[in-house]
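Trainee: One structure follows; several queries about it will come next.
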Amino acid sequence: MEVKAKNGTILGGVPYVDGIASGKLLAANLELSFWGGVNPKTGEVIDRFHPLSGHLLKDTVLAIPGGRGSCGGSVIMMELILN
């Protein structure tokens with residue numbers, strides 16, 4: 001899948017969920033650990049060593065090379081959806 005940003009940048013990747021999305025693009029060239037790296041209540045990236053530290057995931061399209069860590073990240077992703 002390829003996405004063209006407003007500035008002309010083309011991003012390629014594999015979506016976790018098929019469909020159509022819109023929102024502010026939040027991109028980084030480093031994997032993100034959702035378990036311990038994202039606050040599941042607020043959606044804030046709390047990994048202080050990650051380039052997106054301090055950003056909120058709500059209403060964004062997240063573009064990262066992949067996840068980092070164990071399968072526990074899926075639990076955090078579910079909590080993000082429910083909150």
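The values are calculated or read from the model by the stated rules, or taken from the named source; none is laboratory data. Computed from a prediction, not measured in an experiment: that's the story for all the values here. No Cβ is skipped: glycine too gets one built from the backbone with ideal geometry, and neighbour counts run over all protein chains shown.
Trainee: If I filter region 20-30 for residues that are of a type in the set (A, V, I, L, M), over 13 Å from residue 67 (Cβ atoms), touching a Gly at 6+ places or on another chain (Cβ under 7 Å) and part of a loop (DSSP other than H, G, I, E, B), do I get at least one hit?
Mentor: For region 20-30, residues of a type in the set (A, V, I, L, M), over 13 Å from residue 67 (Cβ atoms), touching a Gly at 6+ places or on another chain (Cβ under 7 Å) and part of a loop (DSSP other than H, G, I, E, B): absent.
Trainee: How many residues does region 1-41 contain that are surrounded by 12 or more Cβ atoms within 10 Å (Cβ to Cβ) and aromatic (Phe, Trp, Tyr)?
Mentor: So the answer is 2.
Trainee: Does region 46-63 contain any residue that is farther than 18 Å from residue 2 by Cβ, touching a residue at least 24 places away in the same chain (Cβ under 8 Å), surrounded by 12 or more Cβ atoms within 10 Å (Cβ to Cβ) and of a type in the set (D, E, K, R)?
Mentor: No, because not a single residue in region 46-63 is farther than 18 Å from residue 2 by Cβ, touching a residue at least 24 places away in the same chain (Cβ under 8 Å), surrounded by 12 or more Cβ atoms within 10 Å (Cβ to Cβ) and of a type in the set (D, E, K, R).
Trainee: Can you find a residue that is modelled with pLDDT under 80 and under 19 Å from residue 83 (Cβ atoms) anywhere in region 17-37?
Mentor: Yes, region 17-37 contains a residue that is modelled with pLDDT under 80 and under 19 Å from residue 83 (Cβ atoms).
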